[in-house]
Amino acid sequence: QVQLVESGGGLVQPGGSLRLSCAASGLIFSIYTMGWYRQAPGKQRELVASITSVGSTNYADSVKGRFTISRDNAKKTVYLQMNTLKPEDTAVYYCNVPTISGSWGQGTQVTVSS
């Protein structure tokens, strides 16, 4: 089965940076689009960024210019570099394989607060 393990979250002050990692197993990683999502308490889960098998990227308007998604197929890992963090970025961040049902990881908490 597909397993995704997120890491790299934590507490950071506004304007700071974090780099999230998602390690994948149980799939031919290189052929799949990967996505980063987030969910804040009381809000719906939303797509933050995605990257295709050939490296094409898409970002939510709220994070364009601040976040960068990338992948390392040899390491079967997808990353999310988050810069200039804002309090409204506070959420649990998840990675996912959109075309594989039920592939969500356990998530990693990101808290942006002074």
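Can you name the residue in the range 103-114 that is open to solvent by less than 40 Å² (accessible area, probe 1.4 Å) and modelled with pLDDT under 95 and is also farthest from the chain's Cα centre (by Cα) among such residues?
The residue in question is Ser103.
Filter the strands (runs of 3 or more DSSP E) completely within the range 1-102 down to those with at least 1 residues that are open to solvent by 40 Å² or more (accessible area, probe 1.4 Å) and free of Cβ contacts under 8 Å to residues at least 12 places away in the same chain.
Once the strands (runs of 3 or more DSSP E) in the range 1-102 are filtered for at least 1 residues that are open to solvent by 40 Å² or more (accessible area, probe 1.4 Å) and free of Cβ contacts under 8 Å to residues at least 12 places away in the same chain, what remains is 57-59, 67-72.
Can you tell me which residue is farthest from Asp61 (Cα to Cα) among those in the range 1-48 that are within 12 Å of the chain's Cα centre (by Cα) and among the small types (Gly, Ala, Ser)?
Only one residue fits best here, namely Ala23.
Which of the following residues is among the charged types (D, E, K, R) and either on the phi > 0 side of the Ramachandran plot or at pLDDT below 95 (or both): Lys64, Lys76?
Being among the charged types (D, E, K, R) and either on the phi > 0 side of the Ramachandran plot or at pLDDT below 95 (or both) holds for just one of Lys64, Lys76, which is Lys76.
Just checking, which of Val5, Val63, Val54 is of a type in the set (A, V, I, L, M, F, W, C), over 14 Å from Gly105 (Cα atoms) and in contact with a strand residue (DSSP E or B) (Cβ under 7 Å, 6 or more places away or on another chain)?
Within the list Val5, Val63, Val54, the selection yields Val63.
The values are calculated or read from the model by the stated rules, or taken from the named source; none is laboratory data. Quantities reported herein were computed from a predicted structural model and do not represent experimental measurements. Note that we place each Cβ from the backbone using ideal geometry, even for glycine, and neighbour counts take in every protein chain shown. Please note that ligands, DNA and RNA were not included when accessible areas were found on the heavy atoms of the full protein model with its side chains. Shrake-Rupley method; radii C 1.70, N 1.55, O 1.52, S 1.80 Å.
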